[in-house]
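Chemist: To start, I am sharing the structure in question, which I have written as structure tokens.
The values are calculated or read from the model by the stated rules, or taken from the named source; none is laboratory data. Keep in mind that this is a model prediction, so the values were computed, not measured. Positions of Cβ are backbone-derived with ideal geometry, glycine not excepted, and every protein chain shown enters the neighbour counts.
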């Protein structure tokens with residue numbers, strides 16, 4: 001076990017470059033199963049989740065190695081195993097993305113029900129519904145998803161993949177990948193519109209798939225007999241970029257986040273403007289502007305999480321940390337994962353005035369936070385606690401930081417480069 005030690009009160013200043021998108025690269029890595037030729041990726045982030053997915057693919061029979069420069073070649077040229085066990089899949093929910101492509105290639109597959117961050121129920125019914133629409137028989141047996149394609153393989157179909165909580169990103173990815181090798185045409189209504197789905201579709205098309213409509217709720221996939229290898233650059237991580245932008249706004253310094261896609265963060269930029277926090281935006285960068293954090297507190301600003309292009313649930317905790325310094329009452333409503341509020345008691349330990357009310361949190365801004373030991377419960381909560389530590393008086397210890405390594409590439413080194421006093425220590 002390791003922890004991060006943060007000495008608060010240091011201004012942030014400088015430039016940080018956005019790493020590749022975790023949520024894009026994981027399903028793209030799974031897409032390598034669909035071809036016997038190598039898939040060459042660039043801009044792959046150095047994350048524990050990437051290594052976990054590599055481990056899953058290797059256990060299935062794939063070969064691959066992540067280079068220090070962010071390049072990754074995955075080859076599934078040999079015979080693959082149709083079973084992904086609990087030990088591999090339990091570590092990360094994204095591992096379930098092997099289900100669709102493995103079923104399309106082998107015709108029968110057993111994949112353990114996935115694990116990942118624990119912040120409420122996250123069913124996979126959309127995944128199963130979509131695969132059944134393609135003609136597969138799907139059952140849950142002894143903790144495994146057991147799926148079998150009909151004689152002759154998967155068949156194209158018309159389907160609706162929306163759910164009570166909106167569109168499913170991983171569900172859309174799984175069904176999209178499976179449909180690329182199905183006989184006939186598949187149309188998906190209620191598809192996820194996230195940039196990560198667009199990136200996956202673009203990668204699949206570079207492999208010879210015929211996908212159209214990406215970025216909209218309506219996807220059309222014309223099945224092909226086989227896919228080839230391809231070279232594909234992974235898009236920048238909008239959640240990482242948003243986290244560093246919020247960090248700069250929170251600390252009141254001039255922080256430039258380069259190599260990002262500002263259009264992917266339009267709603268966040270809109271909320272920052274509502275909070276009267278000044279940022280400048282370029283073609284591939286966002287820069288926070290200096291302010292006196294005591295004399296110019298942010299204006300209290302409500303947010304409600306929604307599927308893209310709405311406010312991302314993965315930035316909800318970080319935004320809440322920003323609002324702990326605001327002038328007035330803010331309401332943060334969680335419409336994607338209603339129980340994603342495990343960071344509230346930890347923020348309270350730092351002196352924040354936060355209270356949960358149903359699917360919302362009430363945040364009354366305060367002039368200061370005070371350092372204390374806190375425990376990270378999940379990936380994005382851990383980032384929020386680190387951000388709070390940056391501005392809290394005294395020392396903040398963030399425990400169980402293996403969560404943060406799943407989605408942020410060397411966060412302590414990146415923040416240290418901006419002037420933060422932060423270090424990693426063994427428990």
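Chemist: Taking the stretch 57-78, which residues are under 20 Å from residue 173 (Cα atoms) and in a helix (DSSP H, G or I)?
Modeler: Of everything in the stretch 57-78, those that are under 20 Å from residue 173 (Cα atoms) and in a helix (DSSP H, G or I) turn out to be 57, 60.
Chemist: Find the residue count for the stretch 258-280, including only residues that are more than 23 Å from the chain's Cα centre (by Cα) and surrounded by fewer than 18 Cβ atoms within 10 Å (Cβ to Cβ).
Modeler: Here the count works out to 5.
Chemist: Further question on the same structure: Looking at the stretch 171-195, which of its residues are in contact with a helix residue (DSSP H, G or I) (Cβ under 6 Å, 6 or more places away or on another chain) and outside any loop (DSSP other than H, G, I, E, B)?
Modeler: 171, 172, 173, 174, 175, 177, 178, 186, 195
Chemist: Still on this model: Restricting the search to the stretch 79-98, which residues are touching a residue at least 24 places away in the same chain (Cβ under 8 Å), over 22 Å from residue 22 (Cβ atoms) and assigned to a loop (DSSP other than H, G, I, E, B)?
Modeler: 80, 82, 85
Chemist: Can you tell which of 142, 132, 137 is without any contact (Cβ under 8 Å) to a residue 40 or more places away in the chain, within 30 Å of residue 310 (Cα to Cα) and surrounded by fewer than 19 Cβ atoms within 10 Å (Cβ to Cβ)?
Modeler: Testing whether each residue is without any contact (Cβ under 8 Å) to a residue 40 or more places away in the chain, within 30 Å of residue 310 (Cα to Cα) and surrounded by fewer than 19 Cβ atoms within 10 Å (Cβ to Cβ) leaves just 132.
Chemist: Turning to a different aspect of this structure: Scan the stretch 257-272 residue by residue and report those that are touching a residue at least 12 places away in the same chain (Cβ under 8 Å) and either out of contact with any strand residue (DSSP E or B) (no Cβ under 8 Å at 6 or more places or on another chain) or in a helix (DSSP H, G or I) (or both).
Modeler: Within the stretch 257-272, 262, 264, 265, 266, 267, 268, 269, 271, 272 qualify.
Chemist: On to the next question. Among strands (runs of 3 or more DSSP E) lying entirely in the stretch 308-419, which contain 3 or more residues that are more than 27 Å from residue 14 (Cβ to Cβ)?
Modeler: 329-333, 353-357, 360-364
Chemist: Just give me the residues in the stretch 317-342 being in contact with a helix residue (DSSP H, G or I) (Cβ under 7 Å, 6 or more places away or on another chain), under 23 Å from residue 373 (Cα atoms) and at pLDDT 95 or above, in sequence order.
Modeler: The answer is 317, 318, 319, 320, 321, 322, 324, 325.
Chemist: Then there's this: Would you check which residues across the stretch 27-54 are touching a helix residue (DSSP H, G or I) at 6+ places or on another chain (Cβ under 6 Å) and either outside the structural domain of residue 202 (by TED's automatic domain parsing) or farther than 16 Å from residue 408 by Cβ (or both) and list them?
Modeler: Hits for the stretch 27-54 are 27, 28, 29, 30, 31, 33, 34, 39, 53.
Chemist: Given the structure, is residue 273 more than 29 Å from residue 190 (Cα to Cα) and at pLDDT below 95?
Modeler: Against the criterion (more than 29 Å from residue 190 (Cα to Cα) and at pLDDT below 95), residue 273 does not qualify.
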